[in-house]
Amino acid sequence: QVQLVESGGGLVQPGGSLRLSCAASGRIFSINAMGWYRQAPGKQRELVARIISSGGSTDYADSVKGRFTISRDSAQNTVVLQMNSLKPDDTAVYYCNAINVKTRGITYGSLWGQGTQVTVSS
């Protein structure tokens, strides 16, 4: 069974930094893409950043461009989101996502982590 395990959330002051990590556990052959989404209270879940395994191309939400950086260690099936210059509007639950996770017996179209809270407040 494959699981996504997130870590690194917490409380930070405006202008501060946090680093989120997500590790995919299990007997994984390949993952097409990994990314981070977030959901603030009363709002829909939105894409924050994602990275494609083949070629390493990245996409970012306009609101985080220039402040957040996504990176991936394909050998370890991990993805990291470095968040700098955090703002109160970044407060949300952040979810890790993995697309087309191939294992020995099954391919998972989309997997989600349990979520980690990020709170930006003074």
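The values are calculated or read from the model by the stated rules, or taken from the named source; none is laboratory data. These numbers were taken from a predicted model, which means no experiment stands behind them. Neighbour counts run over all protein chains shown; Cβ positions are idealised from the backbone, glycine included. Keep in mind that these areas ignore ligands, DNA and RNA; they rest on the heavy atoms of the full protein, side chains included. Shrake-Rupley method; radii C 1.70, N 1.55, O 1.52, S 1.80 Å.
Numerical summary
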{"quantity": "In the range 7-39, the residues that are under 24 Å from S121 (Cβ atoms) and in a loop (DSSP other than H, G, I, E, B)", "calculated": "G8, G9, Q13, P14, G15, G16, S17"}
{"quantity": "Set P41, P14: member being over 27 Å from K102 (Cβ atoms) and touching a helix residue (DSSP H, G or I) at 6+ places or on another chain (Cβ under 7 Å)", "calculated": "P14"}
{"quantity": "Wholly enclosed strands (runs of 3 or more DSSP E) of the range 40-122 bearing at least 3 residues free of Cβ contacts under 8 Å to residues at least 40 places away in the same chain and open to solvent by 20 Å² or more (accessible area, probe 1.4 Å)", "calculated": "46-52, 58-60, 68-73, 107-112"}
{"quantity": "Residue count for the range 84-119, restricted to those that are of a type in the set (A, V, I, L, M) and more than 22 Å from S53 (Cβ to Cβ)", "calculated": "4"}
{"quantity": "Some residue of the range 55-69 being closer than 15 Å to A24 by Cα and not hydrophobic (A, V, I, L, M, F, W, C)", "calculated": "no"}
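Let's see how each residue does on (1) under 17 Å from Q114 (Cβ atoms); (2) more than 10 Å from the chain's Cα centre (by Cα); (3) acidic (D, E):
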| residue | (1), (2), (3) |
| --- | --- |
| G9 | yes, yes, no |
| P14 | no, yes, no |
| L20 | yes, no, no |
| I28 | no, yes, no |
| A33 | no, yes, no |
| R38 | yes, no, no |
| G42 | no, yes, no |
| E46 | no, yes, yes |
| A49 | no, no, no |
